[in-house]
Amino acid sequence: MAFVLILFAILAGMALPTQFNVNAQLKTIVGSPIIASGISFTVGAISLLVISLFSSGIHIKKDWLNAPWWMWTGGILGAFYVLATTILMPRIGAAATVGYVLVGQIIISILIDHLGLIGATTQTLSFPRILGAVLVVIGVILVQKF
């Protein structure tokens, strides 16, 4: 099972730079990174809605309305991410965009784990984790420079 999850994660990772480039190319057609990102989000939302309807249906529950406000911000964060990568991709390239995004993901992931933010299980900050993050940053610099 772990292999399937790892493969799934790798495929998801491969989808991101592909999506970056698709959205950047769409931007050249529609003339705006915001419109291109909006189209991307709309197509994605419709796709997930159709999959939801065919897989298990959508059963809206009253508990949804009692969720903390910040639980509803995922779409805003996703929209920012799609917009940022649509702008960055043609300017700095796929490898640099993915690299810098990865650096941001590593930094916030370590903080989320260490501080137990947003309901995450606490994972103590350690030298090996810091070293891993530093190595990612060094890797990004190498990819960007060469």
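Can we say Ser52 is at pLDDT below 95, among the polar types (S, T, N, Q) and in the same structural domain as Val22 (by the TED database)?
Considered against the rule, which asks whether it is at pLDDT below 95, among the polar types (S, T, N, Q) and in the same structural domain as Val22 (by the TED database), Ser52 comes out as yes.
Consider segment 49-61. How many of its residues are open to solvent by 100 Å² or more (accessible area, probe 1.4 Å) and outside any helix (DSSP H, G or I)?
3
Per-residue answers, yes or no, for (1) loosely packed, with under 10 Cβ neighbours inside 10 Å; (2) at pLDDT 90 or above; (3) more than 17 Å from the chain's Cα centre (by Cα):
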position: Ala67; (1), (2), (3): yes, yes, yes
position: Gly74; (1), (2), (3): yes, yes, no
position: Phe80; (1), (2), (3): no, yes, no
position: Ile87; (1), (2), (3): no, yes, no
position: Ser109; (1), (2), (3): no, yes, no
position: His114; (1), (2), (3): no, yes, yes
position: Leu117; (1), (2), (3): no, yes, yes
position: Pro128; (1), (2), (3): yes, yes, yes
position: Gly132; (1), (2), (3): no, yes, yes
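Can Gly93 be described as under 22 Å from Ile39 (Cα atoms), of a type outside the set (Val, Ile, Thr), surrounded by 13 or more Cβ atoms within 10 Å (Cβ to Cβ) and without any contact (Cβ under 8 Å) to a residue 12 or more places away in the chain?
The answer is yes for Gly93.
Might you let me know whether segment 19-41 holds any residue that is at pLDDT below 95 and surrounded by fewer than 15 Cβ atoms within 10 Å (Cβ to Cβ)?
No.
The values are calculated or read from the model by the stated rules, or taken from the named source; none is laboratory data. As the structure is a prediction and not an experimental result, all values here were calculated from the model. Positions of Cβ are generated from backbone atoms using ideal geometry, with glycine treated the same way; all protein chains shown enter the neighbour counts. These accessible areas exclude ligands, DNA and RNA; they are computed on the full protein's heavy atoms, side chains included. Shrake-Rupley method; radii C 1.70, N 1.55, O 1.52, S 1.80 Å.
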